[in-house]
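Quick notes on the structure that follows.
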Amino acid sequence: MTPHATAMRRFAAAPALFGLLLLGACGTRHIEVDNRALDGQPKPAAWNGTITVSSDPAGARCIVTRDGTEVARIAATPGNVQLARGNSPAQVTCSAPGRMDTTVTLRPLRDFGLHHHQPTGPFGAINHREDIATGRVRRFENVTVALPPASFASAAERDAWFAQRAQAIRAGWAEPIARATRSQEAMIDSAATLRGYEAEDLAALDRQRAAAVVAPSARRR
């Protein structure tokens, strides 16, 4: 074979080789961005569609709704609830004797047990858009609904209860926000969006605190 023919064959093979390299990079990109987000934590198993609704105190009656439709009713917590993947949040409303009725919002977040497509390669962009549009790689987490006492003996007792609850809300959002900060590509929601959800939850808690009753017990004579 002449040098010219050899050069022509190498030139013709270059696009195919480049395509294979590109596909290889696309095939591992999601692993790279997920590992960065997880920061050494093991990759979980894919969510099976069930969450456990608990309450503090236990034994509360709860109703789970989504998109304006009742999904489940729990006679006494804890109880298991089936929720479909998707982008829309769910609400859990719980009540118990001697406690304030409490509603919390559950927001489906990225399921790291599933492959979240990256917008690269021949089909990556299409699959990426589909992941986001359908919420098919989102999941719900177990939840514990904390119900404040129907009345507090003092303003200090009320403030202490709600301060502890605010701390728990911040702790619950800390890891999703950290993951989005480490690797936005691995997530669906940005860190700013997640901080907005945290702010919404804290604002709802502030409204509940404002509605709480302070009824000091009568002093003994």
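Tabulated results
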read-out: Cα centroid separation, the range 140-204 to the range 71-126 (Å); value: 15 Å
read-out: Folded to 0 to 90 degrees: helix 3-38 orientation relative to the chain principal axis, Cα; value: 10 degrees
read-out: Under 14 Å, Cβ to Cβ, from Arg170 - net charge with Lys/Arg +1 and Asp/Glu -1; value: -3
read-out: Estimated [θ] at 222 nm from DSSP helical runs (n ≥ 4, -39500 (n - 2.57)) normalised by residues in the chain, nearest 500; value: -16000 deg cm²/dmol
read-out: In degrees, nearest ten, helix 155-182 long axis to first principal axis of the chain (Cα); value: 0 degrees
read-out: For the range 150-208, convex hull of alpha carbons as volume per residue, Å³; value: 73 Å³
read-out: Förster radius 25 Å - calculated FRET efficiency between Glu185 and Asp67 (Cβ-Cβ, nearest 0.05); value: 0.30
read-out: For peptides 178-191, 86-99, sequence by mean Cβ density within 10 Å, most packed first; value: 178-191, 86-99
read-out: Paramagnetic label zone (point 7 Å from Cα along Cα-to-C-beta, Ile31; backbone N under 16 Å) in the range 92-129; value: 113-118
read-out: The chain: mean projected area of Cα convex hull, nm²; value: 16.7 nm²
read-out: Length added when fully stretched, Ser88-Ala215, from 0.36 nm per residue minus Cα-Cα; value: 41.8 nm
read-out: Derived scalar couplings ³J(HN,Hα) [the range 128-133; Karplus, 6.51 cos²θ - 1.76 cosθ + 1.60; whole Hz; x for Gly, Pro]; value: 4, 4, 5, 4, 6, 5
read-out: Largest to smallest principal axis extent of the C-alpha atoms in the range 97-199, angstrom; value: 64, 27, 19
read-out: Percentage relative contact order, the chain, counting C-alpha pairs under 8 Å, at least six apart; value: 21 percent
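Every read-out reported here was derived from the displayed coordinates using simple, explicitly stated rules and does not represent laboratory data. Owing to the predicted nature of the structure, the values given are computational and were not obtained by experimental measurement. All Cβ positions, even for glycine, are placed from backbone atoms using ideal geometry, and neighbour counts span all protein chains on display.
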